[in-house]
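Notes follow once the structure below has been shown.
Just so you know, all these numbers are worked out from the coordinates, no wet-lab data involved. Keep in mind the model is a prediction, meaning the values are calculated, not measured. Backbone-built Cβ (ideal geometry, glycine too); neighbour counts: all protein chains shown.
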Number of protein chains: 2
Amino acid sequence: MADYRDLDGKMIRLAKQSLKMCAAAGSGHPSSALSLAHLTTALMYRVMRYDPKDPWNTGSDRLILSEGHAVPIVYAAYCDLEGVAGTREKPVTLKFDDALTLREADSLLDGHPSPAVGFPFFDAATGSLGQGLSVAAGLAGAARLDGSDRKIYCIIGDGESREGQIWEAVDFVVDHKLTAVRMIFNCNGQGQSDYVSQQQSAELLEKKLLAFGCEVKVIDGHDWDEVITALEAAATDKPIAIIAKTVKGWGSTELQSKNYHGKPIKGELLDQAIADLDAIAAKLGASEDAQAFAASKPAKLSKKADGGRISAGSFAAAMKDAGLEKALEAKKLATRRAYGVALAALGAADERVVAMDGDVQGSTFANMFAAKYGDRYFEARIAEQNMISAAAGLAAADKIPFVSSFAKFLVRGYDQLELAVISRANIKLCGSHAGVSLAADGPSQMGLPDMAFIRSFAHAQNGDGTPAITAFCPSDAVSAFKLTELMANTQGVCYMRTHRPDVEFLYDEDDSFEVGGFKKLTDGGDLVIVGSGYMVHIAKAAMKILAKAGVSATLVDAYSMPLQTDGILELGSSCNGRILVVEDNYIGGIADEVTAAAARSGESITVESMFVRKVPKSARTPEETLAMVGLTVDDIAGAAQAMCK
Amino acid sequence: MADYRDLDGKMIRLAKQSLKMCAAAGSGHPSSALSLAHLTTALMYRVMRYDPKDPWNTGSDRLILSEGHAVPIVYAAYCDLEGVAGTREKPVTLKFDDALTLREADSLLDGHPSPAVGFPFFDAATGSLGQGLSVAAGLAGAARLDGSDRKIYCIIGDGESREGQIWEAVDFVVDHKLTAVRMIFNCNGQGQSDYVSQQQSAELLEKKLLAFGCEVKVIDGHDWDEVITALEAAATDKPIAIIAKTVKGWGSTELQSKNYHGKPIKGELLDQAIADLDAIAAKLGASEDAQAFAASKPAKLSKKADGGRISAGSFAAAMKDAGLEKALEAKKLATRRAYGVALAALGAADERVVAMDGDVQGSTFANMFAAKYGDRYFEARIAEQNMISAAAGLAAADKIPFVSSFAKFLVRGYDQLELAVISRANIKLCGSHAGVSLAADGPSQMGLPDMAFIRSFAHAQNGDGTPAITAFCPSDAVSAFKLTELMANTQGVCYMRTHRPDVEFLYDEDDSFEVGGFKKLTDGGDLVIVGSGYMVHIAKAAMKILAKAGVSATLVDAYSMPLQTDGILELGSSCNGRILVVEDNYIGGIADEVTAAAARSGESITVESMFVRKVPKSARTPEETLAMVGLTVDDIAGAAQAMCK
């Protein structure tokens, strides 16, 4: 039997530090951390091939802590290893006692793993449970594209495996043969409010994972031999899942005496727990001073992201490449299809561009990319949560993932999207069939609250002042093409919504578009009409009626959020202070961009908003659904005339 | 062998009608419908115990069509049976040819199942995939509480079973022994864009379902004997899952010739498909005129929902019942805890009240209900999607489900929430730990975009003019208690957000609260400060600084959306047209309620908004996280003073 006294020493040191960290923070999850004492120590000091001095090396093995609340022990290890945190520009070498800053306002050690806060050892923020395995899958997909043999270790809680997304991720891993992933289920048997369900017991997890097509290794998570053998096992054609039976609060009598989930211990209880651990160390003959780090340094990534601007080239050329000469001539195409044209062009321009879709590639037109760059296309099937988190994983390995589905179905992954925001992941979402113009399929397929949700992030800033989400809503094929290209070149989370119907071109090849921008399509004197996406066309048609009635309007296409509202208010001021905003979503989109700016300005501007004020139903044509929600050409003309009276 | 010529006749009639319906609509999913030809006919004409003339009888067996796009054949059957649709007040008896109105603007036959549009045979809107089994589980939970032996049949697509929520639902069904559910997996082997993955093959589905603890029956979905035997099988202690191997486009050579997902056939192709089906009928000796309906009528539900107002009783009494005398005396308690107090009181008052929580009952304080009414408490574990859809199922059987988790984690179920909205489900959500005052756990646990998402529905109306979602944001324990009671008595989807910290009482027992209401807490002359929830307390503290600086403010607690903004604008007008709104969420909540109203009014009112403008990180105290995002007492006082300069 091997001598593990060096690892024992480290493990005890980390366990004790985890307890002290949570005590110092006054919160945190020491009992969860202790259940990972052996697994974390084995991974970070022995098994993983990485260099704590270079956490940005995507060629190294990676660790995703899906049960993010157990993070103290990982921080303890990384600080013990004097690992580097912070940013590439401003790296910080951590010391052992820096771990005690856990959860402080200016600490890099956030309450849950967060690369954006300055802990790049992690590739993704976790804490909302069930998402880490998907991120790991994305990293593994990138590893394959990079020809890297790095492994992606992912630790998942047993209670956490109740989240359906875990099983979406397992399916995805098996489907795409992402055998670089090592799934490690930490079966400590306790959740927050109770023991875990029998459905999440080690026994049932084993059965489930076997049924899903994994190779399963059941181990004692506190036995070095079993732990290291399982972690170092080579995968065959099946992905490896390790079921580690562990003890919540391992090493501390007190922490094992009841459910201590999320509760730090202090004072005498803390002293006793430390004494418990010291006693174990003495029994094991372990010394905390042992040099246990034996991880080999990884090879550098040969293919380094160049970070240069990606060009989709000429719109006309891309249209011809896509066999859409007729549409180019007729100057009519759906924005969703132009997304596909642009995506294929971007794929040709840069190998970092990858794409995902959730079994609707023929509707979102992601198929135009998939057909040409199959190796860089990851079909996610009908599982949007996994898709979005996996995209965050691909982005963490310097890919630029474009992720599409119906705007409605992307709602399924809004929690995952928010975690991607917290991670500052460089992902690009495209939600198709937005608004009510989808018509016949009805409200279960219509993207209606998306603008409100996305806008809420458009005004939340990242540390560098950029929007947490940058949003785009193209009104025609040209702008859809150019905005897709702009997404590729806009760092961070971007969201674009496209529409189902074919619409006329409004722009030319040489028009340019920018984040937050808008376009003035006509000059009028009586009022400003602001629209976006499909509604620009409806508003444009309303202008004809208005012209006959002697009303002249300035028509604005507000294609991006956060919107540059100053310019729109200026236009409003020059049009008698009248602005009418029309949108085909529930309240909370561009209309509120304008009303919030107007109300803040204190200027004498009246803003009327037309949006979807009813839960719609099916109808056979877009005209009928628009009529249902009061957004027809006539409705808009009527509202504009009423404002001008 | 039994003689199935009557069922064959019906089945052919329904299959033909499904093809014609989709052709008439110009859209729809005929091939999916045909794969269900035998299953639907067997269920609706033979197996299910129900009365097509009384779809509102919750005592009858129910059918949840989780793969909602396959709905044409169900509509065809129901119209053939001259079933009743519409509303209780205005019932409509359908005729066979009414099926051909599918997807028309004024048709009760929506593109996907929708009880709210007027098809109460269904209990829930489906169409966003993977949700139906959870609804079925909720219905089965209600059946148990009602002492009813009704069965809940749920048809799930094979491709759809990629959605993790399906597996959350299977766990939930097994955990709670909801053996009234019959899961029917329709394995036709095709998704929208491709054949289904091997991971969703009948073979793997069988293995998965066995591993999850189901009794699995694999059948030929086009063989009457096998279909009826499986559907009529009695459950033991394990829930029954049927894997039906079917053919997409069954009966039509053309529809089987390639992937026809979601594509109707017309003209000659339609004629040929009809001829194919007629040929099959002739071969089988089947006649369409056969009287196949043999379903027995169900017993009426003995326990009828009375619909009366539910009282939580006196706040003081409920606090004492909960052992919170000290908090009552100290006049200080967290709103999340007051939710638990109210929930327990409501549980005592009315048996319709049921509760669910996702493994955080000790934090949301749903445990105060669970401890007393265990039979009416459904622990959903860490699986929020299933929880929300299951609540919709409970509501469909006249229960009043209260569903809690952290506001952040409820985001996980926003797609399900939207489907509940479309269903007009009577469910009550409570998202705890909203805003940044959670502090130490960091952004992965903070509810920040919730107000924007929820507000988008607050201004979308149901058919009867009520808000699609009514929102509440209590600022103290008294209002939290009363608003929880108000939720119980407000029909439809309600959402409440509560906060982590203990806060002082602002109200007395005899204060009353209403949908859309606000409370004026102080009278001032210089400006109006509007807040909600925890921020009311921060604003109140800022008032002291302002008073010293000689600024007098009117403080408004805007505790509900859609907000009655007229009254707030009036207050603003009487305060020099100055309104400052403060909220602890991302943009899109009450600030935009006020700015939208102000901008529309055309009056000279300036509205400044303070909200979370940064993606926050952890800190050890709420004061620190508030400082991080510019929402401290001083920040508010400063902004107010700047407005008054």
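Data for the structure
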| read-out | value |
| --- | --- |
| Antiparallel bridge percentage (DSSP; both residues within the stretch B:315-504; nearest 5) | 15 |
| Averaged over B:462-468, number of beta-carbon atoms from partner chains that fall within 10 Å | 2 |
| Cβ nearest the rotation axis (B onto A), residue from chain B and distance to the nearest whole Å | B:GLY164, 1 |
| Residues of type lysines that B:LYS614 reaches as a straight line, Cα spacing below 24 Å, ignoring anything fewer than 8 places off in the same chain | A:LYS90, A:LYS428, B:LYS408, B:LYS540 |
| Of the GluC sites (Glu not before Pro) in the stretch B:603-645, those whose Cβ has at most 16 other Cβ within 10 Å and which sit in DSSP loop | B:GLU603 |
| Helical contribution to [θ] at 222 nm, DSSP H n ≥ 4, -39,500 (n - 2.57), averaged over chain B, rounded to 500 | -11500 deg cm²/dmol |
| Loop sites in the stretch B:489-519: GluC sites (Glu not before Pro), DSSP, at most 15 other Cβ within 10 Å | B:GLU509, B:GLU514 |
| Of all DSSP beta bridges in the protein assembly as shown, antiparallel share, percent nearest 5 | 20 |
| Computed E for A:LYS297/B:GLN291 - FRET, C-beta separation, R0 51 angstrom, nearest 0.05 | 0.05 |
| B:ALA549 versus B:ALA282: modelled label distance in nm, points set 7 Å from Cα along the beta carbon direction | 9.0 |
| Inter-copy label distances at A:ASP350 (7 Å, Cα→Cβ; nm, one decimal) | 5.6 |
| At R0 = 25 Å, FRET efficiency that the Cβ-Cβ distance of B:LYS331 and B:GLU623 yields, to 0.05 | 0.70 |
| Length-normalised contact order of chain A in % [C-alpha pairs under 8 Å, at least 6 apart] | 12 |
| FRET E, pair A:GLU504, B:LEU210, Förster distance 51 Å, beta-carbon r, rounded to 0.05 | 0.40 |
| Whole-angstrom gap from the stretch A:216-266 to the stretch A:92-136, using each part's C-alpha centre | 21 |
| Once exposed loop chymotrypsin sites (Phe, Trp or Tyr not before Pro) are cut out (DSSP; at most 16 other Cβ, 10 Å), longest piece of chain B | B:294-645 |
| Test item: Cα-centred dipole of the stretch A:5-284, Lys/Arg +1 and Asp/Glu -1 on Cβ, debye | 60 |
| Estimated vicinal HN-Hα couplings, Hz - the stretch B:485-498 in sequence order (Karplus 6.51, -1.76, 1.60; Gly, Pro = x) | 5, 5, 4, 4, 9, 10, 4, x, 7, 10, 9, 10, 10, 10 |
| Chain A - charge dipole about Cα centre, Lys and Arg +1 at Cβ, Asp and Glu -1, debye rounded to 20 | 640 |
| Gain in span if fully extended, B:GLU254 to B:SER512, counting 0.36 nm per residue against the direct Cα distance | 86.4 nm |
| Inter-copy label distances at B:ILE545 (7 Å, Cα→Cβ; nm, one decimal) | 5.1 |
| Rounded tilt (10° steps) of B:414-423 against the dominant C-alpha axis of chain B | 70 |
| Nearest-first distances (nm) between copies at A:ASP508, label 7 Å from Cα via Cβ | 7.3 |
| The stretch B:5-284, relative contact order in percent, only Cα pairs under 8 angstrom and at least six apart counted | 23 |
| Antiparallel DSSP beta bridges within the stretch B:489-645, percent to nearest 5 | 20 |
| Within the stretch B:220-285, trypsin sites (Lys or Arg not before Pro) in DSSP loop having at most 11 other beta-carbon neighbours inside 10 Å | B:LYS258 |
| Theoretical gain in end-to-end length, B:LYS177 to B:ALA234 [0.36 nm per residue, Cα-Cα removed] | 19.1 nm |
| Cα-based reach from A:LYS258 at 12 Å (exclusive), listing aspartates and glutamates while leaving out same-chain residues under 8 positions away | A:ASP194 |
| Amide hydrogen neighbours beyond the local backbone of B:ILE219, cut-off 5 Å, H modeled | B:ILE243, B:ALA244, B:LYS245 |
| Degrees separating the helix B:633-644 axis from the principal Cα axis of chain B, which is the longest one | 80 |
| Where labels lie 7 Å past Cα in the beta-carbon direction, separation of A:VAL92 and A:ASP149 in nm | 3.6 |
| Unit charges on C-beta of K, R, D, E only; dipole of the stretch A:315-504, Debye | 200 |
| Rounded to 10°, Cα long-axis angle of helix B:202-212 versus longest principal axis of chain B | 50 |
| Value of relative contact order over the stretch A:520-644, rounded to a whole percent, pairs C-alpha under 8 Å and six or more apart | 30 |
| Peptide B:202-212, shielding by other chains (average Cβ, 10 Å cutoff) | 4 |
